[in-house]
Amino acid sequence: MKAVLQRVKEASVTVDNIITGQISDGLLVYLGIAGDDTIKELDYIIKKICSLRIFSDENSKMNLSLIDKGFSLLVVSQFTLLAEVHKGNRPSFINAMNGEQAQELYLKFISKITNAGIKCETGRFGANMSVKSINDGPVTIIIESK
């Protein structure tokens, strides 16, 4: 599993000219699910996202987590994070989990985040989405479960 986190001032996802998710301060998370991912990888990624101290404290030091700040997540499924590009010029997505299984883990991710008390907005799994964001910092962090 791979997650790309961007600290944002605001972010939104639009599908067919309808906003499906929108947040102010928080994290925009692009989530890629690999073919062999399980709940173990999911739990690891969630723990890291919630616990990373990447928000500024009163001394402008990155010392506070998403939970500490009470900020939100905007989660966007993105199988292209699993692209294999070492051979040739056309990306291979052989490492990505198939759509139905990936959607199950994606929905579990959202459920677990919500159950942890974090406001979570989303895109639409498998849809062609437009994502807008105003990055804060910018701070971009990649988390891989393996």
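Pairs are defined by a Cβ separation below 6 Å, a sequence spacing of at least 6 or placement on different chains, a first member in region 44-64 that is within 16 Å of Asp136 (Cα to Cα), and a second member that is assigned to a helix (DSSP H, G or I); the pairs so defined are Phe55/Lys69. Criterion applied to Glu100, Glu84, Glu104 was being surrounded by 12 or more Cβ atoms within 10 Å (Cβ to Cβ), farther than 19 Å from Glu10 by Cα and more than 18 Å from the chain's Cα centre (by Cα), and the one residue passing it is Glu84. The criterion of being of a type in the set (Val, Ile, Thr) and modelled with pLDDT of 95 or more holds for Ile33. Scanning region 1-22 for residues that are among the aliphatic types (A, V, I, L, M) and either at pLDDT below 95 or surrounded by fewer than 22 Cβ atoms within 10 Å (Cβ to Cβ) (or both) turns up Val4, Val15, Ile18, Ile19.
Under the condition of being closer than 19 Å to Tyr44 by Cβ and among the acidic types (Asp, Glu), the residues counted in region 78-127 number 1.
Among the residues in region 51-61, are any surrounded by 15 or more Cβ atoms within 10 Å (Cβ to Cβ), among the small types (Gly, Ala, Ser) and within 16 Å of the chain's Cα centre (by Cα)? There is no residue in region 51-61 that is surrounded by 15 or more Cβ atoms within 10 Å (Cβ to Cβ), among the small types (Gly, Ala, Ser) and within 16 Å of the chain's Cα centre (by Cα). Every condition in (1) closer than 22 Å to Gly126 by Cβ; (2) modelled with pLDDT of 95 or more holds for Gly26 except the one numbered (1).
Condition check for Ile45 on (1) surrounded by 14 or more Cβ atoms within 10 Å (Cβ to Cβ); (2) out of contact with any Ser or Thr (no Cβ under 8 Å at 6 or more places or on another chain); (3) in a helix (DSSP H, G or I); (4) not small (Gly, Ala, Ser): one failure, at (2). Going by what's in this entry, would Ile45 be described as of a type in the set (A, V, I, L, M, F, W, C) and over 15 Å from the mean Cα position of the chain (by Cα)? So Ile45 fails the test.
The values are calculated or read from the model by the stated rules, or taken from the named source; none is laboratory data. Owing to the predicted nature of the structure, the values given are computational and were not obtained by experimental measurement. Using ideal geometry, Cβ is built from the backbone for each residue, glycine included, and neighbour counts are taken over all protein chains shown.
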